Every structure is written in structure tokens, then in C-alpha cells.
Amino acid sequence: MENFRPFALSLAGFDPSGGAGVLSDIKTFEAHDVQGFGVTTAITYQTAEDFIGMNWMSADVVTAQLLPLIEKYPLSAMKIGIVEDFHLMSNWIGLVKGFFPTCKIVLDPVLRASAGYDFHDENTIKWLDKVLNSIDLITPNWKEMEILANGGDVLEKAKELSQKTHVLLKGGHHPTHKGDDILLYKGQEIVIEGKDINAYEKHGSGCVLSSAIAGQLAHGKSIEEACRRGKDYIEKFLESDPSRLGQHTVLVQHD
């Protein structure tokens, strides 16, 4: 039977706990009625509480996973998580865009694990600016934007990035307005307010939000609408249960 669901791909790390990375993204895609694929950029050793270590996949191995999928399936959206090198990432984006020019690209710039492990050094981070024009949305949280701002003003840095692509500055770590996200693009600034919910801290919540947004983009929603619907989904996920691993149990309407 023909598959009428749109196709989306997660280019991210493999987390054995299933709370983050490719496994989490696929669960989220399914909840959004999207057929999901996963390409692994790294193998991590972790639980929902502790990050122990990781090994990066070589660029050739990542490409070898990616090519058969894009040669066969029409991708509508791609979510990108941890990558070793933003320069290499631009090559993979170029491959996908070469096959599917209208494919929406969402980048969750995972710079540091919650346990303190740094995924990128300063030289690698500098490459990020060079790829922003080729993606549709970047979803840093406040702490990640502090790293990108390198001691400067967080909101001003977000506005600078937004001259090249949409920026969803997540408010989970906001110093004064916790839970309110800010969507920025070329001078526009839209506040997406958080609801008053009984939220529990969850492993991989950034992965869930970015892949929820990608799932909505795969269904043809606008950037703003996808971010709003993604916000609704992550709030349900955060209050789904008190454990560090949330539940993807609600099939999301996309009409």
C-alpha cells in the first residue's frame, strides 16, 4: 500500500536510553503522523541521567547511511542534532537539498550535554555561521545561545543569527521569563508563551521539540505554526510523567 505520510529524517546521535537523538526523534515523528528515518552521527554511552562517553561516526559512514534513503524517499523535512563538524554538516545538507530543494531543515545546535560534555570546540562552532543560510530554523536554548554569544548579549546574538535564518530561542533556561520562547527572523520577534503546566525535567526535551517542529513542517505548516504546535507537544511531553524519560503517546493532529 502506498505511504501517504510525509517523510522526515533525523541526522543525530544514537542514545541507548531512547530519550534523545535518533530514537527520540523517530518516536516524535510517529506521533506527528510522519514516516521517520534515522542517520546516526555518533554512538553515545549514556542513561537518562548520566552521559558517559561517545564515538563519532566517520563522514563516509554518515554519507553511506544517508545516500540510499535520499535516493529512494522524497524527504519533506530533516532535523539535525549532534554533528562532529558543522562544515561536514553543510555537505550533508547540500546532498539533501540537491535531491529535494524544498526540504525543510531544522537544526538543534546541541553544543553541550547536560552532564557537562562539550561536543564542539571554539573553532568548530565558528563554522555554524557559514551554514545558517542553508537551513530553515535553528533552535538553541538560552544556555546554548550564551555559548554562541561568547560573553555577549544573548538576545542580540539571536537577532544577529536571525538575519540568516529563523531562530527559535527556547525559554526553558530564560533568566526571567522561563518557558517563553522567542521566534526571530529579519527584524520580527514573536513571543510564544508557555502554559502554566506541571513540568518535569526530561532528558532529550530539545530533541523532542525540534523533531516535533520538523514533523509539522513536513506537513506543510509555516515556521511560526510549526513552532507553536511543537510548543504544545513538548509541554504535553514534559508533564507526561515524573520520570526523566517522557511518553510519546498522543497522536498529533496536523490538519
Subject >> Label-to-label distance, nm, for residues given as GLN188 and GLU225 (7 Å Cα→Cβ offset) >> reply: 1.3
**OP:** Give the long-range amide H neighbours of GLN46: residues separated by 5 or more places, or on another chain, with amide H under 5 Å away, using H modelled in the peptide plane at 1.01 Å from N.
**Re:** SER17, ILE52
Original post:
Among all the aspartates and glutamates, which ones have a C-alpha under 18 Å from LYS72's C-alpha, if same-chain residues fewer than 8 places away are not counted?
Top reply: GLU2
Original post:
Quick one: which of LYS27/LYS79; LYS157/LYS186; LYS27/LYS104; LYS164/LYS202 span more than 21 angstrom between C-alpha atoms?
Top reply: LYS164/LYS202
Original post:
Using the C-alpha gyration tensor of segment 129-234, what are the square roots of 5 times its eigenvalues, in whole angstrom, with the largest one first?
Top reply: 20, 18, 12
Original post:
What is the sum of charges around GLY81, taking Lys and Arg as +1, Asp and Glu as -1, for the other residues whose C-beta is under 11 Å from the C-beta of GLY81?
Top reply: -2
**OP:** Lys and Arg at +1, Asp and Glu at -1: add these up for the other residues within a Cβ distance under 11 Å of SER134 and post the number.
**Re:** +2
Subject >> At least 18 Å along the helix axis (C-alpha) and Kyte average at least -0.5, DSSP helices within the chain >> reply: 59-72, 86-99, 205-218
Original post:
In square nanometres, what is one fourth of the surface area of the convex hull spanned by the alpha carbons of segment 177-239?
Top reply: 4.5
Original post:
Hey, got a sec? Which trypsin sites (Lys or Arg not before Pro) in segment 122-162 land in a DSSP loop and have at most 14 other Cβ atoms within 10 Å?
Top reply: LYS126
Subject >> Cα convex hull volume per residue for the chain (Å³) >> reply: 122
**OP:** Let me have the 222 nm mean residue ellipticity of the chain computed from DSSP H runs of 4+ only, each contributing -39500 (n - 2.57), with the sum over all residues rounded to the nearest 500.
**Re:** -11000 deg cm²/dmol
Original post:
Put a dot 7 Å past each Cα toward the Cβ at HIS87 and ASP50; how far apart are the dots in nm?
Top reply: 3.6
Original post:
Which distance in nm do the two modelled labels at GLU71 and ILE43 give, with both placed 7 Å along the Cα-to-Cβ direction?
Top reply: 2.5
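Computed from the coordinates by the stated procedures, all read-outs in this text should not be read as laboratory data. Here the structure is a predicted model, which is why all the values come from computation and not from measurement. Neighbour counts are summed over all protein chains in view; Cβ atoms, including those assigned to glycine, are modelled from backbone coordinates with ideal geometry.
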